[in-house]
Amino acid sequence: MNIMAYWNMSYGVYTATTMDKGRPVGCIANSAMQVTVEPATIAVSINKDNYTHGCIEECGMFALSVLPENSDPKLIGSFGFSSGRNTDKFDSVDYTLIEGMPVLSSSCGHFICKVVSKLDTPTHTVFLGEVMDCDVMNTDTPMTYAYYHKVIKGRAPKNAPTYIPDELIVDQGDKSAWVCTVCSYEYDGETPFEDLPEDYVCPICGQAKSVFSKRN
Ligand code: FE
């Protein structure tokens, strides 16, 4: 079995958001799909360890914001590599409430969904949501997971359904590359990594230069 086949599956990059007793919370979701047209339903897979998971269960509603290719990588880092348990991810993000659900202003489209069913797996819940509202916000190109991986050089967080552990990745690329140990971002700037200022931070997850290490 060659698990690299999973990287040939197509995914988008979304935020799945909901309300936690009046506070907006959310996480990155890439396993989302339209399931039916009438009634319109969407399925999204969320890790049970994600704080957002319990909030969606409690609230019974969620929003999917479609992230465009020109999204700020820090936004993906914040929603993908930090937890709503101890941070307010929306503090530095513009959003509007639609049907009571937080929608990112920088998204190129959104879906507001009411949870109508759930599929349980050992690690994730697949929430089936009936679409109550949806809209196109602009003409930006929606980001695919492949674009995030190849152009932004980001990787899936450990809680994502699409996460592949480093040791199982067949072609790990440049062996001398400096890689963020938090989000797996691979530094590829022109300045040698060693010469970067000490206040350099990972453009994806915002962690310090010190969390980078050479791949091998
Ligand atoms: Fe990082």
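The values are calculated or read from the model by the stated rules, or taken from the named source; none is laboratory data. Nothing here was measured: the structure is a model prediction, and the numbers come from that model. Heads up, the Cβs are rebuilt from the backbone with ideal geometry, glycines too, and the neighbour counts pull from every protein chain shown. Note: areas computed on protein heavy atoms with side chains; ligands, DNA, RNA excluded. Shrake-Rupley method; radii C 1.70, N 1.55, O 1.52, S 1.80 Å.
Observations on the model:
- Subset tally (residues that are open to solvent by 70 Å² or more (accessible area, probe 1.4 Å) and either within 13 Å of the ligand (Cβ to nearest atom) or not in a loop (DSSP other than H, G, I, E, B) (or both)) for the range 173-216: 6
- Within the range 1-74, strands (runs of 3 or more DSSP E) holding 2 or more residues that are in contact with a strand residue (DSSP E or B) (Cβ under 7 Å, 6 or more places away or on another chain) and open to solvent by 50 Å² or more (accessible area, probe 1.4 Å): 32-36
- Taking first residues from the range 190-216 that are touching a residue at least 40 places away in the same chain (Cβ under 8 Å) and partners that are assigned to a loop (DSSP other than H, G, I, E, B) and more than 14 Å from the ligand (Cβ to nearest atom), the Cβ contacts under 6 Å between residues at least 6 apart in sequence or on separate chains come to Arg215/Lys175; Asn216/Lys175.
- Odd one out for Val116, checked against (1) under 27 Å from Ile152 (Cα atoms); (2) open to solvent by 50 Å² or more (accessible area, probe 1.4 Å); (3) touching a Leu at 6+ places or on another chain (Cβ under 8 Å): (1)
- When residues of the range 138-154 are limited to those that are surrounded by fewer than 17 Cβ atoms within 10 Å (Cβ to Cβ) and aliphatic (A, V, I, L, M), the one modelled with the lowest pLDDT: Val151
- Number of positions in the range 171-196 that are at pLDDT below 85 and over 26 Å from Ile28 (Cβ atoms): 2
- Assessment of the range 127-137 against the conditions (at pLDDT below 95 and either touching a Cys at 6+ places or on another chain (Cβ under 7 Å) or of a type in the set (A, V, I, L, M, F, W, C) (or both)) yields at least one matching residue.
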